[in-house]
Every structure is written in structure tokens, then in C-alpha cells.
Amino acid sequence: MIPSHALSDSPTALRSGDALLIVDVQRDFLAGGSLAVPKGEVVLEPLNHLISIFNTHGWPIIATRDWHPSQHCSFQSQGGPWPPHCVADSAGAKFADQLALPESAYVISKATTEERDAYSGFSGTRLRALLERLAVKRLVVGGLATDYCVLNTVLDAREHGYEVMLATDAIAAVNVSPGDDQRALARMTAAGAMLTSTANLKPSSIDLARERLQLG
């Protein structure tokens, strides 16, 4: 059961100090990929909407990616649970063609050594140092998959003290076991993440006024 206080239908003003964190929206996790997330393509349109907002305002956009060696420990051939996926420099490891990442986006590669897996974007990466350098206080999170890399990234973000807004229309789950998605959402909200939708995430009135002045 997800606590009612974790669900937000009210508009939330995006502001300086926010960053958009896109988790593992890579070809291998989409239709036709070696480890496709069911209905994973639904994340693309809402994420592109958020990318447009953040890019317009010059707020940080960060994309994590699995970037595995060919003999990674998570692969079934090495005794892991998954088929080979997101091998570094392969076509399947590329970000989705439809994901409109700007050139200014920061890319965080994870699980880059054979012996270590990393579901979280913080695990063995420079993500936390990057967020500190950018003076980020709050993360808007979306991507793949709800019950694995999104879950662990959000839990670590909360552990490190970041506010988290999870865009529920910009995530999709593997659901190896039925209900894994709801259990993941419950764990994230219990850790203090707020659930919302991209439609409720808007620039602050001050930022909108600045835009109108610039356009005028």
C-alpha cells in the first residue's frame, strides 16, 4: 500500500537546484532489445517533455546507462539472472533513438567492470560528486526499470539526502514477479520519495515570467 501523503496531484514548481535524472533508457531495455521492459516505450514521451523543460531553463539533465563488459557478472553465461544486455559500445547500449537528450546532458555509466553489478546510478559512479558540484537539491526521476534501477537509484538518492520527485508516467517495470512494480513504489515512498506525473511538474511562476520577458 502506497501512503496517500506520497501521492501528489497538485502542480509542483520546478526550480533552480532541480535536476532531471533519467535512468537507463537504452535500446536493449525497449522493444526489440535483449532485455526489453514490457511497455518500456511509454516513458519516452513524458521524459522528452521533461527534457524540454529542463533544457529550456538550463537545469541539469543527467542520464545513467548500463555499460557492461562482455563477460559481466549479471549475464546468464556468467551465472547471473539476465541475458547479455547493454554491452559497452554496442548498439543495444545506446540511448533510445527517440530520447531527445541534448548534447549538454551528463552521462553516468555504471556496472562497467566484470565483477560488479550496479542497479543504482550512485553505485561506483561519479553521480553524487556531480550533483554536489551542480548544487542539486532535488531530483526528478524517470526511466527503466521501476523495480530495479529506478528503485535502487531513488533509494540511494534519499539515503544521500536528496529530495526525489518520481514521475510515475515516465517509468515502467519488469515485474518478474507480479506486483513488483507496486512493491517498488511502496519502498520508494516509504523512503520519502514523492510520486507525481509529468503534467504536474511545471516551471515556477518566476521562471515563466522571465520566459515571457525574453520572448517579448
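The values are calculated or read from the model by the stated rules, or taken from the named source; none is laboratory data. Given the structure is predicted, the values throughout are model-derived calculations rather than measurements. Using ideal geometry, Cβ is built from the backbone for each residue, glycine included, and neighbour counts are taken over all protein chains shown. Heavy atoms of the whole protein, side chains included, go into the accessibility calculation; ligands, DNA and RNA do not. Shrake-Rupley method; radii C 1.70, N 1.55, O 1.52, S 1.80 Å.
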Whole-Hz couplings from phi, Karplus 6.51/-1.76/1.60, listed for segment 130-139; x for Gly and Pro | 5, 4, 5, 5, 8, 6, 7, 10, 9, 10
Expressed in nanometres to one decimal, the distance between label points 7 Å along Cα→Cβ at S70 and S52 is 4.2
Between S77, S197, S120, find the one with the highest GNM mean-square fluctuation for the chain; connect C-alpha pairs within less than 10 Å.
-> S77
Round to the nearest 10 and report in Å² the accessible area of D180, as given by a 1.4 Å probe over the protein chains' heavy atoms.
-> 30
Would you tell me the accessible area of S104, worked out with a 1.4 angstrom probe on the heavy atoms of the protein chains, in Å² to the nearest 10?
-> 80
Step through the residues of segment 97-104 one at a time and calculate ³J(HN,Hα) from phi using the Karplus curve (6.51 cos²θ - 1.76 cosθ + 1.60, θ = phi - 60°), rounding each to whole Hz and writing x for Gly and Pro.
-> 4, 7, 7, 8, 5, x, 4, 7
Extension gain V42-E114, at 0.36 nm per residue separation less the Cα-Cα distance, in nm?
-> 22.8 nm
Per residue, in Å², the accessible surface of the chain once ligands and nucleic acids are set aside, probe 1.4 Å | 47
When the accessible area of segment 112-214 is split by element with a 1.4 Å probe, what percent falls to carbon and sulfur?
-> 49
Can you list the lysines whose alpha carbon sits under 28 Å from that of K137, skipping same-chain ones fewer than 8 residues off?
-> K110, K202
Considering only protein heavy atoms and a 1.4 Å probe, what is the carbon-and-sulfur percentage of the accessible area of segment 41-111?
-> 49
